[in-house]
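What follows is a single structure, written as structure tokens, with notes after it.
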Amino acid sequence: MASVIATIRQELYRIQIESPSGNVVISDEPLEMGGRDLGFSPTELLASSLAACTSATLRMYADRKGWDLKEVKLEIDLDWDDKANKTVINRKIQLLGNLDETQRERLFKVLMPVRCIRCSQIPLRSIRKSFNSFF
């Protein structure tokens, strides 16, 4: 299970996000949305999480197989499809290294479960907490 705590104070749209291990990320809205662009926008954070998961999956698989994967370059685009009324995520993936076509195809097949888990309909539940019981 993943868990983070997000805190916003009086500085407009600047959000500090902390992990249980002490890592901190700043999220902010872009200037045109009233923020100060001090960190990743919420949409950029979502794209970043998919990019990190995809990259790590490819790296771990190639390492376990002993394949010469030097680098993975990813571009994640999140777009809204008005006609379908849904978010569409596009991943552009470049695999650099001494890999044959069979290895490249296998790496792309490894990504199918990642796509299905991250892009399926996931329920979002909101639970109201009292001030004294939050932590």
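The values are calculated or read from the model by the stated rules, or taken from the named source; none is laboratory data. Computed from a predicted structure; not experimentally measured. For neighbour counting, all protein chains shown are included, and Cβ atoms are generated from backbone atoms with ideal geometry for every residue, glycine included. Heads up: the accessible areas ignore ligands, DNA and RNA and are worked out on the full protein's heavy atoms, side chains in. Shrake-Rupley method; radii C 1.70, N 1.55, O 1.52, S 1.80 Å.
Brief remarks follow.
- The C-beta contact set for the stretch 62-73 (first residue part of a strand (DSSP E or B), second residue open to solvent by less than 70 Å² (accessible area, probe 1.4 Å) and among the polar types (S, T, N, Q), distance under 6 angstrom, 6+ apart or interchain) comprises V72/S55.
- Number of the exception - G97 against (1) modelled with pLDDT under 85; (2) touching a strand residue (DSSP E or B) at 6+ places or on another chain (Cβ under 6 Å): (1)
- The selection criterion, being hydroxyl-bearing (S, T, Y), free of Cβ contacts under 8 Å to residues at least 12 places away in the same chain and out of contact with any Cys (no Cβ under 8 Å at 6 or more places or on another chain), does not hold for T54.
- Per-region count, the stretch 89-103, residues open to solvent by less than 70 Å² (accessible area, probe 1.4 Å), of a type in the set (S, T, N, Q) and over 16 Å from T54 (Cβ atoms): 1
- Within the stretch 12-41, the set of residues being in contact (Cβ under 8 Å) with a residue 12 or more places away in the chain and surrounded by 15 or more Cβ atoms within 10 Å (Cβ to Cβ) comprises Y13, R14, I15, I17, V25, S27, D28, E29, G35, G39, F40, S41.
- Taking the listed residues A6, A56, A62, the one that is on the phi < 0 side of the Ramachandran plot and more than 20 Å from the chain's Cα centre (by Cα) is A62, with no other qualifying.
- Every condition in (1) closer than 27 Å to F108 by Cβ; (2) modelled with pLDDT of 90 or more is met by E75 except one, and the failing one is (2).
- Yes/no for K86 being open to solvent by 100 Å² or more (accessible area, probe 1.4 Å) and modelled with pLDDT of 85 or more: no
- Selection within the stretch 1-47 - hydroxyl-bearing (S, T, Y) and assigned to a strand (DSSP E or B): T7, S27
- Of all the residues in the stretch 42-55, those that are closer than 18 Å to Q103 by Cβ and surrounded by fewer than 16 Cβ atoms within 10 Å (Cβ to Cβ) number 1.
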